[in-house]
1. Of all residues in the range 86-102 being among the hydrophobic types (A, V, I, L, M, F, W, C) and under 14 Å from GLY28 (Cα atoms), which is most open to solvent (accessible area, probe 1.4 Å)?
2. (1) within 30 Å of ASN166 (Cα to Cα); (2) touching a helix residue (DSSP H, G or I) at 6+ places or on another chain (Cβ under 9 Å); (3) not in a loop (DSSP other than H, G, I, E, B): which one isn't true of ASP218, the others all being true?
3. Considering each of ALA273, ALA286, ALA327 in turn, give the residue that is modelled with pLDDT of 95 or more and either closer than 18 Å to ASP226 by Cβ or surrounded by fewer than 18 Cβ atoms within 10 Å (Cβ to Cβ) (or both).
4. Can you name the number of the only condition in (1) open to solvent by less than 40 Å² (accessible area, probe 1.4 Å); (2) at pLDDT 95 or above that GLN46 fails?
5. So which residues in the range 55-85 are crowded, with 18+ Cβ neighbours inside 10 Å and hydrophobic (A, V, I, L, M, F, W, C), if there are any at all?
6. Among the residues of the range 5-15, is there at least one that is more than 16 Å from SER87 (Cβ to Cβ), open to solvent by less than 30 Å² (accessible area, probe 1.4 Å), part of a loop (DSSP other than H, G, I, E, B) and not hydrophobic (A, V, I, L, M, F, W, C)?
7. Just one of PHE63, PHE81 is touching a residue at least 12 places away in the same chain (Cβ under 8 Å), aromatic (Phe, Trp, Tyr) and over 24 Å from LEU176 (Cα atoms); which is it?
Amino acid sequence: MAVISYREALNQAMREEMERDQDVFVMGEEVGHYNGAYKVTQGLLQRFSERRVVDTPIAEMGFAGIGVGAAMVGLRPIVEFMTWNFSLVAIDQIVNSAAKMFQMSGGQFNIPIVFRGPSGPAVQVGSQHSQALESWYAHVPGLAVALPSTAYDAKGLLKTAIRDDNPVVFMEGETLYGTTGEVPEAEYLIPFGQGDIKRAGADITLVAWSRMVHVCLDAAKVLADDGIDCEVVDPRTLRPLDVPIIVDSVRKTGRCVIAEVGWPSAGFGAEIAYQVQRHCLDALDAPVERVCSDDVPMPYAKNLEDEVQPQVADVVAAVRRALYLDA
């Protein structure tokens, strides 16, 4: 099995789907001649021409709306945001047009569109460019929300997103593009709403997505040295959410820590905590713990940036509290 980067996995998914279906096309800022801000669209312009790899002006509201219109007439656009932070300029098209068009048209218009791009904190890019907004979009009915944590998941989920007849918010970990992993050469798809056990364990369940999966896996290694066996569950999509895989894990371990890089207030971890207490109350041996970023805009200074974001030590501390090893 080939070992490729997260970035290459996304590129393969788009290339294969564009070869399979002539209606699939890519549009966004610098996706063509510059090969994408993070080089995810590398080589697509040369392979598919400017008719299907379209460089746009810096006008997120405009090209997101063009994508919705294209989807309404039967095309399958992939709209790249240079970063999901800039999607806030286009949020009306995503939330008020793409997410609602099927229902508001009485089922006359499917909107098979993928909005994709880097998401979550990066490295010293400041508060306007370093946000995790998945909780915002997962709040909206009519949108699917996917956040792959590995190269394997990135390719399988993106191919599923492109074939979906409904709008998909596809958030790629901004610091995961260079990570590598095994990806099959044979075609595969990962259904939405199907989570994955990234590490099996018996003592406590850690639920995380995107970059925080890797933080939890590192924390699990640290805790293993103390004889604590962690299970790491990655839901892979927040909408739809694979509630059964989380419930089954927590009912097995009796304890749960939810780790997200977003802010704590109204963060998606609160929804998962509700689902855990709703379905596992009789099996819980301790209150559910949450690990989030500090409730402040992201600082620019590297030391403060690291302080604000959840780290391995924060997950380790939460696990020890859930096990009543520390106060």
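1. VAL89
2. (1)
3. Among ALA273, ALA286, ALA327, only ALA286 is modelled with pLDDT of 95 or more and either closer than 18 Å to ASP226 by Cβ or surrounded by fewer than 18 Cβ atoms within 10 Å (Cβ to Cβ) (or both).
4. Going through the list (1) open to solvent by less than 40 Å² (accessible area, probe 1.4 Å); (2) at pLDDT 95 or above, GLN46 breaks only (1).
5. PHE63, ALA64, VAL68, ALA70, ALA71, MET72, ILE78, VAL79, PHE81, MET82, TRP84, listed by residue number.
6. Checked the range 5-15: no residue is more than 16 Å from SER87 (Cβ to Cβ), open to solvent by less than 30 Å² (accessible area, probe 1.4 Å), part of a loop (DSSP other than H, G, I, E, B) and not hydrophobic (A, V, I, L, M, F, W, C).
7. Of the residues listed, the single one that is touching a residue at least 12 places away in the same chain (Cβ under 8 Å), aromatic (Phe, Trp, Tyr) and over 24 Å from LEU176 (Cα atoms) is PHE63.
Residue-wise test of (1) in contact with a Pro (Cβ under 8 Å, 6 or more places away or on another chain); (2) of a type outside the set (Asp, Glu); (3) open to solvent by 40 Å² or more (accessible area, probe 1.4 Å).
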position: LEU189; (1), (2), (3): no, yes, yes
position: GLY195; (1), (2), (3): yes, yes, no
position: VAL222; (1), (2), (3): no, yes, yes
position: ASP229; (1), (2), (3): no, no, yes
position: VAL233; (1), (2), (3): no, yes, no
position: LEU238; (1), (2), (3): no, yes, no
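The values are calculated or read from the model by the stated rules, or taken from the named source; none is laboratory data. Just so we're clear, the structure is a prediction, and the values are computed from it rather than from any experiment. Positions of Cβ are backbone-derived with ideal geometry, glycine not excepted, and every protein chain shown enters the neighbour counts. Just the protein is used for accessible areas: all its heavy atoms, side chains included, with ligands, DNA and RNA removed. Shrake-Rupley method; radii C 1.70, N 1.55, O 1.52, S 1.80 Å.
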